[in-house]
Amino acid sequence: MVRTKICNNLQETYEYARDFAMQLAPGTVVALYGGLGAGKTAFTQGVALALGVEEPVTSPTYALWQTYQGDLVLHHFDLYRLDTPQQVFSIGFEDAINSDAVTLIEWPERLEDYIPVPRVEVYIDRIDEEKRSICIQEIL
Ligand SMILES: Nc1ncnc2c1ncn2[C@@H]1O[C@H](COP(=O)(O)OP(=O)(O)OP(=O)(O)O)[C@@H](O)[C@H]1O
Ligand SMILES: [Mg+2]
């Protein structure tokens, strides 16, 4: 199934991410596609809110991986600075994705074919300063 929504501002993106998160089963892996500043971290923040994460979700440039505790555990990978897939495997990527946590991955392109199936793909396109087109697709 593919669904696409236009989010006219940041608030609408948070709300869309929240609605999406309500339907997430434990163990789901979500690959977030979109260029710099598209809104991948913003979408993750909306998901985190819905999962009851109270800590602010950030995008530290130095960390590839952050874990947050909510009603479910949330793993947030930002692979922008990943050089080789081995780098993320050596810090426990497989344990993270094979758990009951929800895993969101920014820049999944960096992992080439290593993102597992089934997964959910989220494509965020910047239309203008505030408007985003967000397409969600399940890959089974
Ligand atoms: N509708 C919207 N949805 C998401 N972000 C929006 C929207 N409108 C404006 N923005 C702004 O766009 C920026 C999105 O930044 P964000 O860090 O989420 O991007 P990103 O895709 O994670 O980028 P990066 O690849 O650098 O990690 C924020 O400054 C946010 O306030
Ligand atoms: Mg980001």
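Annotations for the structure displayed:
- Annotation: for a label point projected 7 angstrom from Cα along Cα→Cβ of residue 58, residues of region 1-37 with backbone N closer than 20 Å are 37.
- To the nearest ten degrees, helix 10-22 and the longest principal axis of the Cα atoms of the chain are 60 degrees apart.
- DSSP bridge pairs, region 2-139: antiparallel proportion in percent, nearest 5: 60 percent
- Mean-position separation - Cα centroids, region 58-93 and region 119-135, in angstrom: 21 Å
- Size descriptors for the chain, from the alpha-carbon set: Rg then Dmax equal 13.9, 39 Å.
- Look at 1, 22 and count the other Cβ atoms within 10 Å of each Cβ; fewest to most, that gives 1, 22.
Computed from the coordinates by the stated procedures, all read-outs in this text should not be read as laboratory data. Only a predicted model underlies this, so the values are computations on that prediction, with no experimental measurement involved. Please note: Cβ atoms are built from the backbone with ideal geometry, for glycine as well, and neighbour counts cover all protein chains shown.
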